[in-house]
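Here is the structure we will look at, set down as structure tokens.
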Amino acid sequence: MVICMIDVTDIDIVINKCFAAMTTSSMEKMDTQEADKIAALFLVAQMKLSFIIENVEMLARGAKNEITRLEGEKYFEYKNSNLDKKITENMMSSYLAKDADIMKARQEHAKYESELKKWNYLLSTLKDGHYYFKNNSKNKIWSE
């Protein structure tokens, strides 16, 4: 099975066209054929954005797995280097929480999670925009 890959390099251009169309529609009349074309443009933007979301989601999961890996590594590193001391789980948690590598990994994960939320919000907005233009393309007279 061959999957056709969509070129997502122009996602910013497509999204900007969607926003421009939404701005224009709020200020002037638009015929039904134009509204139908714009509804299709919103679908194109959603499809392209889904590939970006897939990529960012994988990066976020990878970053989360890296946190788990680092915590395990640092746990045994600290445990083995302090065999003569009794270390409580609270002490270990504090050690792991302030470790620079783990803090950096958590920051990276937070960045991807934030980016993922942004793209999902934009996807939702594009979906609403598609419905808006699709519904308006069914009207004979728009904005009169």
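The values are calculated or read from the model by the stated rules, or taken from the named source; none is laboratory data. Only a predicted model underlies this, so the values are computations on that prediction, with no experimental measurement involved. Counting neighbours? That spans all protein chains shown, and the Cβs are built from the backbone with ideal geometry, glycine included.
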>> As an exercise: evaluate Asp10 against (1) surrounded by 17 or more Cβ atoms within 10 Å (Cβ to Cβ); (2) more than 16 Å from Tyr131 (Cβ to Cβ) and give the number of the one condition it does not meet.
In response: (1)
> When residues of the stretch 79-105 are filtered for being buried (at least 16 other Cβ atoms within 10 Å of the Cβ) and in contact with a helix residue (DSSP H, G or I) (Cβ under 6 Å, 6 or more places away or on another chain), how many remain?
Replying inline: 5
> Can we say Ile67 is under 14 Å from the mean Cα position of the chain (by Cα), closer than 23 Å to Glu115 by Cα, surrounded by 14 or more Cβ atoms within 10 Å (Cβ to Cβ) and not small (Gly, Ala, Ser)?
Replying inline: no
> So which pairs qualify, if the first residue must be in the stretch 46-60 and of a type in the set (Phe, Trp, Tyr), the second must be outside any helix (DSSP H, G or I), the Cβ gap must be under 6 Å, and the two must be at least 6 apart or on different chains?
Replying inline: Phe51/Val8
> For the stretch 61-87, how many residues meet the condition of being free of Cβ contacts under 8 Å to residues at least 40 places away in the same chain and assigned to a helix (DSSP H, G or I)?
Replying inline: 17
> Can you find even one residue in the stretch 31-52 that is more than 17 Å from the chain's Cα centre (by Cα), closer than 30 Å to Ala105 by Cβ and modelled with pLDDT of 95 or more?
Replying inline: no
> Among the listed residues Glu28, Glu34, Glu108, which satisfies the condition of being out of contact with any Asp or Glu (no Cβ under 9 Å at 6 or more places or on another chain), crowded, with 17+ Cβ neighbours inside 10 Å and closer than 30 Å to Leu126 by Cα?
Replying inline: Glu34
> Taking the condition under 18 Å from Arg61 (Cβ atoms), among the basic types (Lys, Arg), out of contact with any strand residue (DSSP E or B) (no Cβ under 6 Å at 6 or more places or on another chain) and assigned to a helix (DSSP H, G or I), does Lys117 pass?
Replying inline: yes
> Glu108 fails exactly one of the following numbered conditions: (1) touching a helix residue (DSSP H, G or I) at 6+ places or on another chain (Cβ under 8 Å); (2) at pLDDT below 95. What is the number of that condition?
Replying inline: (2)
